[in-house]
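Working notes, beginning with the structure itself.
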Amino acid sequence: MRVHLDSGSASKSMNSKQISLRFVLVIPFVVQIFAAVGLTGYLSLRNGQKAVNDLAIRLRKEVSARIAQHLNSYMQYPQKVVKVNSDAINMSLLNLEDREELGEFFWKQVEPFNVGYVIFGFKTGEYIAAGRFLDNSSVTIDEISPQIHNGSTHLYTWETDNEGRRTKVAADNGEFNLHKEGWYQEAVKQGKTVWSPVYNWEVEPFHLSIATSHPIYNQNKSLVGVIAAEQRLSQISEFLRELKVSESGKTFVIERNGLLIASSAEEKPFNIVNGKPQRIKAISSKDPLIKATAEHLEEEFGDLNKIKNIKQLEFQLNGKRKFVQVTPWRDELGLDWLMIVTVPEEDFMEKINSNRNATIMLCFLALGLAIVVGFYTSRWITNQF
């Protein structure tokens, strides 16, 4: 007995087999391509993130090293001046009684040694100094000398010619008690070469400064006075602004108590309150990134004196990651500051995100192309059967 298959049933059976065959051929192929694309995208994202982290670490180290190098050089100048002058005085090569010669000698040291002021304060209250009142002004000579000024103990500023000789009195700055100055008091107290505390001038432009000073004694070991060299810290801020970190990265230097020494932000490390300069802490900075970084350090360590070695940190600001390096900087006379470099992650991510997005788009394009090719290939194969 013969059974005749219905042509419609046979056709449906054949179509079903073709569909099953296409499914078997296409799906594993697509799954493999999808897995490959997914893995490629994941590796692209992970490698991009690793590249950002590596770049941020390297950049922070390089910038911190450059800041340290600048501080090592810039803060050596006043020490060299004090050493040269104290040696010259002790060897009787510099006559402290000849105030004219002393002023000219100091005048000639200001520019070569790159310092703000060279100073000698006498125990008697007399005073002789040479320096720039303003950063780009000519070098003047300041003096308290009752013998010259008819018994007056006012501080007079003299204009000078191109040889350092006095020409005329430019200003009468009123009474000035040098014995209250930190550079004088610290040298007398410790009896050796020291750094003064960081201080602001009491008159405009209120320079933030620090001085190296050394006591001078006579043959009877009695104090004659103090030789000092003042350095303006505003030049450190100028260096930090010129030092390009990243598009929006910031650098700053602080004391262990959190007070600002210098920063790359367009602000001074002090405010004027009732006509007097008042130093500010980094947590009070007007710059949002400096302020946020200082707040994070305070939360992380509590006491900044706990930071003994280089620290690399991360924190979030407005949902965005910031990379930080804190590096202690010290010198042989006891300065102990912290150099801080903060770099926002987004400064590096623009190009990396662009490359990552391009990679992902290419992966999906390859996936789509693979699916289409697989479909037509499976169709061709099934048609052969």
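At 7 Å along Cα-to-Cβ for each site, give me the label-to-label distance between Lys308 and Asn90 in nm.
Using points 7 Å along Cα→Cβ, the separation is 3.4 nm.
Tell me, what is the 1.4 Å probe accessible area of Arg99, in Å² to the nearest 10?
Here the residue's solvent-accessible area equals roughly 40 Å².
Dipole magnitude of the range 144-183 about its Cα centre, charges +1 at Lys/Arg Cβ and -1 at Asp/Glu Cβ only, in debye to the nearest 20?
For this selection, approximately 80 debye.
Which loop trypsin sites (Lys or Arg not before Pro) in the range 256-342, with loop taken from DSSP, have no more than 10 other Cβ atoms within 10 angstrom of their Cβ? Spell out each step's value before the answer.
Details: sites: Arg256, Arg279, Lys281, Lys286, Lys291, Lys306, Lys308, Lys311, Lys320, Arg321, Lys322, Arg330; in loops: Arg256, Lys286, Lys308.
Of the trypsin sites (Lys or Arg not before Pro), the ones in loops of the range 256-342 whose Cβ has at most 10 other Cβ atoms within 10 Å are Lys308.
Taking H as built 1.01 Å from N, whose amide H comes closer than 5 Å to the amide H of Phe323, not counting residues under 5 places away?
Long-range HN contacts for Phe323: Val343, Glu345.
Does the range 175-214 classify as rounded, prolate or oblate by the C-alpha gyration tensor (a ≥ b ≥ c root eigenvalues; a/c under 1.5 gives rounded; else a/b over b/c gives prolate, otherwise oblate)?
oblate
Return a single number: how many Lys pairs in the range 176-283, at a sequence separation of 8 or more or on separate chains, have alpha-carbon atoms below 14 angstrom apart.
4
Placing +1 at every Lys and Arg Cβ and -1 at every Asp and Glu Cβ, with all other atoms neutral, what dipole size does the range 212-362 have around its Cα centre, in debye to the nearest 20?
Approximately 200 debye in magnitude.
With the contact rule set at Cα under 8 Å and sequence spacing of 6 or more, what percent relative contact order holds for the range 276-326?
Reported relative contact order: 22 percent.
Kindly sort Val84, Val343 by accessible area of their heavy atoms, largest first, with the probe set to 1.4 Å. Spell out each step's value before the answer.
Working: Val84 65, Val343 0 Å².
The ordering from most to least exposed comes out as Val84, Val343.
If r is the Cβ-Cβ distance from Gln219 to Lys180 and R0 is 22 Å, what FRET efficiency results, to the nearest 0.05?
On the way: r = 28 Å, r/R0 = 1.28.
According to the calculation, E is roughly 0.20.
Can you pull the accessible area of His207 for me, 1.4 Å probe, Å² to the nearest 10?
Here the residue's solvent-accessible area equals roughly 20 Å².
Roughly how big is the range 128-227's charge dipole about its Cα centre, with Cβ charges of +1 (Lys, Arg) and -1 (Asp, Glu), in debye to the nearest 20?
The dipole magnitude comes to about 460 debye.
Fully extended, how many nm does the chain gain between Glu62 and Ser137 (0.36 nm per residue separation, minus their Cα-Cα distance)?
Values: separation 75, 0.36 × 75 = 27.00 nm, distance 3.39 nm.
Additional length available on full extension: 23.6 nm.
So for Trp337, Trp201, what's the accessible-area order with a 1.4 Å probe, most first? Display every interim value, and only then the final one.
Numbers: Trp337 5, Trp201 30 Å².
Largest to smallest exposure gives the sequence Trp201, Trp337.
Run the numbers on the range 146-198 and let me know its relative contact order in percent, using alpha-carbon pairs under 8 Å that are six or more apart.
This gives 24 percent for the range 146-198.
In the range 76-183, carbon and sulfur make up what percent of the accessible area (probe 1.4 Å)?
48 percent
Roll a 1.4 Å probe over the protein heavy atoms and report the accessible area of Tyr184 in Å², nearest 10.
Solvent-accessible area, nearest 10 Å²: 20 Å².
Which sequence of Tyr376, Tyr77, Tyr117 reflects their accessible areas, 1.4 Å probe, from the largest down?
Final ranking, largest accessible area leading: Tyr376, Tyr77, Tyr117.
Rounded to whole Å and sorted largest first, list the principal axis extents of the Cα atoms in the range 46-136.
73, 29, 23
The values are calculated or read from the model by the stated rules, or taken from the named source; none is laboratory data. These figures come from a predicted structure and were not determined experimentally. Note that we place each Cβ from the backbone using ideal geometry, even for glycine, and neighbour counts take in every protein chain shown. Only protein heavy atoms, including side chains, enter the accessible area calculation; ligands, DNA and RNA are left aside. Shrake-Rupley method; radii C 1.70, N 1.55, O 1.52, S 1.80 Å.
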